[in-house]
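The values are calculated or read from the model by the stated rules, or taken from the named source; none is laboratory data. Note that the structure is a prediction, hence the values are computed from the model and not measured. FYI the Cβ positions are ideal-geometry reconstructions off the backbone, even for glycines, and counts take in every protein chain you see.
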């Protein structure tokens with residue numbers, strides 16, 4: 001079945017590099033409603049290249065919503081208007097013929113634009129390096145089920161672990177706060193027995209680095225949860241607040257001053 | 001005490017301070033509204049209530065200092081957070097899609113708080129000042145507090161400022177109430193939906209309750 005093609009006007013952010021000032025450039029495209037948003041950009045880039053023009057830089061990898069590489073702000077919403085999907089899972093059938101679509105990069109001080117729609121999210125890596133791990137000695141694999149974990153706890157940890165680290169929470173937050181991401185990482189380790197030895201040190205270290213990197217503070221607008229492609233709950237932020245407070249109130253001298 | 005300083009300067013610590021001072025102010029507002037309801041029962045009831053408070057002045061003064069500190073911390077910390085959070089996004093989005101992912105109450109805390117602050121200055125400048133410090137009509141000295149209040153509530157512009165400020169106070173409380181629980185780490189599917197509803201009911205009671213007094217006295221034309 002041949003679907004009717006859509007005529008769309010795109011207003012795409014173009015920025016040469018992190019030091020230059022960007023602006024919106026208009027592009028008119030005709031695209032199949034069955035195409036994904038990124039496929040539309042691929043087509044547009046093919047056309048640009050065939051005309052000898054610079055293609056639009058944007059990121060993508062798996063294109064099935066599990067890697068967290070893609071991420072565009074479409075008409076003011078990270079990953080576009082459809083909830084619980086990444087940009088790569090957004091299809092053009094969600095737009096109407098004649099629509100104008102504004103495409104912007106994730107905007108945050110901690111996520112500087114590299115080029116056009118590509119941003120540097122290595123700030124997330126730095127936060128993970130500060131504590132998003134467990135330390136365990138290598139050796140033979142332990143017996144399965146030798147550590148008992150209640151099903152509800154395992155499920156909750158898994159919910160937190162479903163964070164793909166795309167950064168939509170930062171992009172959606174009016175304060176460019178990274179708390180949903182950080183709390184998901186802290187919770188998925190902190191809920192499980194293997195994460196206990198470093199539980200309080202982890203939260204102190206990760207929050208310290210998060211604050212230093214220039215992310216804003218959370219004001220509980222919950223825009224992050226609404227825009228998260230994996231639907232990570234803000235209850236993990238509450239959990240992180242609890243753990244951080246507990247870490248600070250513990251009698252032992254705080255490791256992170 | 002280095003750990004405390006670190007805590008209060010951290011992103012979570014600043015939230016915590018907002019929630020702590022905010023919770024205190026939430027409780028204060030309940031007591032304030034209950035006391036003010038005596039206005040509806042005429043001059044004897046209200047003047048008697050204020051006189052009773054005046055009879056335990058030293059205790060009231062201590063509470064006032066704590067209350068004033070809570071207000072100052074809440075305001076200064078709020079302004080600081082607002083400035084820092086603005087800096088976290090130096091280039092704004094061209095298209096703002098925030099109406100699709102968050103409530104207007106949560107996004108306008110700085111604006112609603114600022115207007116409530118302006119109101120607070122006016123409120124203290126008239127009632128607190130005249131009850132305690134400057135008494136030009138020689139009413140507070142005769143314990144005629146009711147007369148001072150109803151005098152101000154006969155001016156339309158004063159009533160208008162009150163009503164606008166109380167609507168925005170309601171907006172502020174609607175978000176602030178449940179937000180405090182979230183910050184304290186109390187978010188659970190068992191009770192969070194209830195807390196959110198309770199916060200909205202609380203905000204409506206406060207806004208309607210405090211706004212009803214100026215409206216009532218303006219409509220009946222000042223004092224009874």
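Taking the conditions exactly as written (surrounded by fewer than 19 Cβ atoms within 10 Å (Cβ to Cβ) and either within 22 Å of residue A:163 (Cβ to Cβ) or in contact (Cβ under 8 Å) with a residue 60 or more places away in the chain (or both)), does residue A:83 satisfy them or not? Explain how you work it out, then say what you get.
Values: surrounded by fewer than 19 Cβ atoms within 10 Å (Cβ to Cβ): yes; either within 22 Å of residue A:163 (Cβ to Cβ) or in contact (Cβ under 8 Å) with a residue 60 or more places away in the chain (or both): yes.
Against the criterion (surrounded by fewer than 19 Cβ atoms within 10 Å (Cβ to Cβ) and either within 22 Å of residue A:163 (Cβ to Cβ) or in contact (Cβ under 8 Å) with a residue 60 or more places away in the chain (or both)), residue A:83 qualifies.
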For region A:138-170, give me the residue count where each residue is outside any helix (DSSP H, G or I) and more than 13 Å from the chain's Cα centre (by Cα). 13
Matching option when the condition is over 19 Å from residue A:166 (Cα atoms) and at pLDDT 95 or above, among A:109, A:96, A:4: A:96
Test set (1) within 27 Å of residue B:9 (Cβ to Cβ); (2) within 14 Å of another protein chain (Cβ to nearest Cβ); (3) crowded, with 21+ Cβ neighbours inside 10 Å - residue A:185 fails condition number: (2)
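Within 30 Å of residue B:171 (Cβ to Cβ), surrounded by 24 or more Cβ atoms within 10 Å (Cβ to Cβ) and either at pLDDT below 95 or under 15 Å from the mean Cα position of the chain (by Cα) (or both): does that describe residue A:173? Break it down stepwise before answering.
Working: within 30 Å of residue B:171 (Cβ to Cβ): yes; surrounded by 24 or more Cβ atoms within 10 Å (Cβ to Cβ): yes; either at pLDDT below 95 or under 15 Å from the mean Cα position of the chain (by Cα) (or both): yes.
Yes.
Here's the yes/no breakdown for (1) exposed (fewer than 15 other Cβ atoms within 10 Å of the Cβ); (2) closer than 23 Å to residue B:65 by Cα; (3) touching a strand residue (DSSP E or B) at 6+ places or on another chain (Cβ under 8 Å):
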| position | (1), (2), (3) |
| --- | --- |
| B:104 | yes, no, no |
| B:108 | no, no, no |
| B:116 | no, yes, no |
| B:121 | yes, yes, no |
| B:140 | no, yes, no |
Being more than 9 Å from chain A (Cβ to nearest Cβ) and more than 19 Å from the chain's Cα centre (by Cα) is the filter here; which residues of region B:6-37 pass it? B:8
Please determine, by comparing only the residues of region A:226-247 that are within 7 Å of chain B (Cβ to nearest Cβ) and in contact (Cβ under 8 Å) with a residue 60 or more places away in the chain, which one is surrounded by the most Cβ atoms within 10 Å (Cβ to Cβ). A:227
Tell me the residue from A:220, A:175 that is free of Cβ contacts under 8 Å to residues at least 40 places away in the same chain, outside any helix (DSSP H, G or I) and facing chain B (nearest Cβ under 9 Å), please. A:220
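Residue-wise test of (1) touching a strand residue (DSSP E or B) at 6+ places or on another chain (Cβ under 7 Å); (2) more than 21 Å from residue A:68 (Cα to Cα).
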residue	(1), (2)
A:170	yes, no
A:180	no, no
A:203	no, yes
A:206	no, no
A:228	no, no
Of the candidates B:63, B:75, B:95, B:83, the one satisfying the condition of being facing chain A (nearest Cβ under 10 Å) and either at negative phi or loosely packed, with under 15 Cβ neighbours inside 10 Å (or both) is B:95
Could you tell me how many of the residues in region B:98-141 are modelled with pLDDT under 95 and not in a helix (DSSP H, G or I)? 7
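Working carefully through the options A:140, A:190, A:132, find the one that is out of contact with any strand residue (DSSP E or B) (no Cβ under 8 Å at 6 or more places or on another chain) and farther than 30 Å from residue A:85 by Cβ. Reasoning before the result, please.
Values: A:190 fails: farther than 30 Å from residue A:85 by Cβ; A:132 fails: farther than 30 Å from residue A:85 by Cβ.
None of the others qualify; the one that does is A:140.
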